[in-house]
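Q: The structure's right below; bear with me while I get my questions together.
The values are calculated or read from the model by the stated rules, or taken from the named source; none is laboratory data. A quick note: this is a predicted structure, and the numbers were derived from the prediction, not measured. Virtual Cβ from ideal backbone geometry, glycine too; neighbours counted across all protein chains shown.
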Amino acid sequence: MSWFQPRSALFWVYCVAVVVGPLLFLTQAAGQVWFAGAAALAALPITALTLLVIGRILFALDPFRARRHLMAPLMMGAIWGATVWTGLAMWANDHLSRAVTNLFGDRFAISWSAAITAPIDEEYIKAIGIAVVALLFRSRLTRPMHGLLLGAAVGLGAQIAEDCLYSTQTALSSPQTPVADVLLVAVLRLVTALTSHWAMSALAGVGIVMALVRTDRSWLWRFGVFALFYGLAFTMHVLFDAPRPPGPPLVSTYLPILIDLVIFALGYAWVLAGERRWFRGLIARPAARAIGSEAALAPLLTYHRRREARAALRHSAGWTRKQALAYERDLVDRVTDLDISGQSRLSGDLGPGSGGLPEGRVVRYHW
């Protein structure tokens, strides 16, 4: 399914939204961007590093390479986060913050406004983007991992856009040493990026995608999964923005981040367990015999057994680490393609590169 879907009204709604989003942002922040000047650009290398680091983490969280067939929805999700979310969240935060101040007073709002408003409007705007893209690519999204990756893409787009906005605001508020302060804030954003928007939206994406695509399940089950995972994302956001508890600075600063990591790990454990059940079902299919026996392919199920199998393969075949990883990826791709084509993608080349096994080598390995 192509990203370009001119017959879908929802596709054109998406297109209008990603155009209106930046325009709405500029109506609110054009002055900030203009007067921040070149000082705000000092953070770009660190912001780019943040993108690379989180991208690498996402790859590691996707052991069966579900991302291979989701490039279009992931890109569209990231664009939503970087455009629609940026414009709407800024407007919504401003209005909700005023409401909190009017209801509870300035003193309360200074401490709790961000922890109340951001989880409400920011997660909601990202959730709309996840739902829109999920509906556009409904036939491709069948597993919890698909929801996690789509949600993470939307959140990562929002996170990078927010990092850029923080750079402009810091440059404006630090007229004496703008570059130094911009770099400091960018580094702090990188350090706290592990539990930022991408992680929150990843969990929300699991619930949203399962609620939309698992029509074989009851509405009660689908709503329950959505409520659970969206609630986890909401809780992570509240902890992320809540006032830090009293105590030693190191503990008060990083304790909420550690709790967020635990929450994310619990949600991810459920997703990973589902991925392993799905992959175990694939290697049990008769079509998988063209790739390898079920016992031979079983080490692909866990990270630990993969490392052992790669080590044995390198020892017996004399391959480099890069060659062993390429061989592993090829096996994973050929097995997972069974879920798409219904049959194995046969190939005479069972090794990395065009040459297969090194000449004269006999391979003794666990795959």
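Q: Which one of 62, 106 is of a type in the set (Asp, Glu), in contact (Cβ under 8 Å) with a residue 40 or more places away in the chain and in the same structural domain as residue 128 (by TED's automatic domain parsing)? Talk me through it step by step, then tell me what you get.
A: Working: 106 fails: in contact (Cβ under 8 Å) with a residue 40 or more places away in the chain.
When all the criteria are applied, what remains is 62.
Q: If you check residue 81 against the conditions, is it modelled with pLDDT of 95 or more, of a type outside the set (D, E, K, R) and closer than 19 Å to residue 119 by Cβ?
A: On the way: modelled with pLDDT of 95 or more: yes; of a type outside the set (D, E, K, R): yes; closer than 19 Å to residue 119 by Cβ: yes.
So residue 81 fits the description; yes.
Q: Next question. Which is part of a helix (DSSP H, G or I), in the same structural domain as residue 36 (by TED's automatic domain parsing), over 24 Å from the mean Cα position of the chain (by Cα) and touching a residue at least 40 places away in the same chain (Cβ under 8 Å), of 206, 182? Even if it seems obvious, please write down each step before you answer.
A: Numbers: 206 fails: over 24 Å from the mean Cα position of the chain (by Cα).
That would be 182, the only listed residue that is part of a helix (DSSP H, G or I), in the same structural domain as residue 36 (by TED's automatic domain parsing), over 24 Å from the mean Cα position of the chain (by Cα) and touching a residue at least 40 places away in the same chain (Cβ under 8 Å).
Q: Check whether at least one residue in the range 230-238 is under 15 Å from the mean Cα position of the chain (by Cα), modelled with pLDDT under 95, among the aliphatic types (A, V, I, L, M) and not assigned by TED's automatic domain parsing to the domain that holds residue 298, and report yes or no.
A: Among the residues of the range 230-238, not one is under 15 Å from the mean Cα position of the chain (by Cα), modelled with pLDDT under 95, among the aliphatic types (A, V, I, L, M) and not assigned by TED's automatic domain parsing to the domain that holds residue 298, which makes the answer no.
Q: Sticking with this one: Consider residue 189 carefully, then state whether it is in a helix (DSSP H, G or I), surrounded by 14 or more Cβ atoms within 10 Å (Cβ to Cβ) and among the charged types (D, E, K, R). Spell out how you get there, then give the answer.
A: Values: in a helix (DSSP H, G or I): yes; surrounded by 14 or more Cβ atoms within 10 Å (Cβ to Cβ): yes; among the charged types (D, E, K, R): yes.
For residue 189, the condition - in a helix (DSSP H, G or I), surrounded by 14 or more Cβ atoms within 10 Å (Cβ to Cβ) and among the charged types (D, E, K, R) - is met.
Q: Another one. I need every pair where a residue in the range 47-59 that is closer than 12 Å to residue 186 by Cβ and in the same structural domain as residue 74 (by TED's automatic domain parsing) has its Cβ under 8 Å from the Cβ of a residue that is acidic (Asp, Glu) and modelled with pLDDT under 95, sequence separation at least 6 or different chains.
A: 47/163; 50/163
Q: Which helices (runs of 4 or more DSSP H) sit wholly inside the range 290-342 and have at least 2 residues that are crowded, with 19+ Cβ neighbours inside 10 Å and at pLDDT 90 or above?
A: Numbers: elements: 294-297, 303-317, 321-336, 338-341.
Because the criterion is at least 2 residues that are crowded, with 19+ Cβ neighbours inside 10 Å and at pLDDT 90 or above, the helices (runs of 4 or more DSSP H) in the range 290-342 that meet it are 303-317, 321-336.
Q: Find all pairs meeting these conditions: Cβ atoms under 9 angstrom apart; at least six residues apart or on different chains; first residue within the range 277-289 and closer than 16 Å to residue 144 by Cα; second residue hydrophobic (A, V, I, L, M, F, W, C) and part of a helix (DSSP H, G or I).
A: Within 9 Å, the pairs are 278/145; 279/297; 279/300; 279/301; 279/332; 279/335; 280/298; 280/301.
Q: If I filter the range 251-265 for residues that are out of contact with any Phe, Trp or Tyr (no Cβ under 8 Å at 6 or more places or on another chain) and of a type in the set (D, E, K, R), do I get at least one hit? If you could, list the steps in order and put the result at the bottom.
A: Step one: of the range 251-265, the residues out of contact with any Phe, Trp or Tyr (no Cβ under 8 Å at 6 or more places or on another chain) are 251-255, 258-259, 261-265.
Next cut, of a type in the set (D, E, K, R) only: none.
Checking the range 251-265: not a single residue is out of contact with any Phe, Trp or Tyr (no Cβ under 8 Å at 6 or more places or on another chain) and of a type in the set (D, E, K, R).
Q: Return the only residue of 156, 165 being among the aliphatic types (A, V, I, L, M), under 21 Å from residue 119 (Cβ atoms) and surrounded by 21 or more Cβ atoms within 10 Å (Cβ to Cβ). Lay out the reasoning, then the answer.
A: Numbers: 165 fails: surrounded by 21 or more Cβ atoms within 10 Å (Cβ to Cβ).
Matching residue, one of 156, 165: 156.
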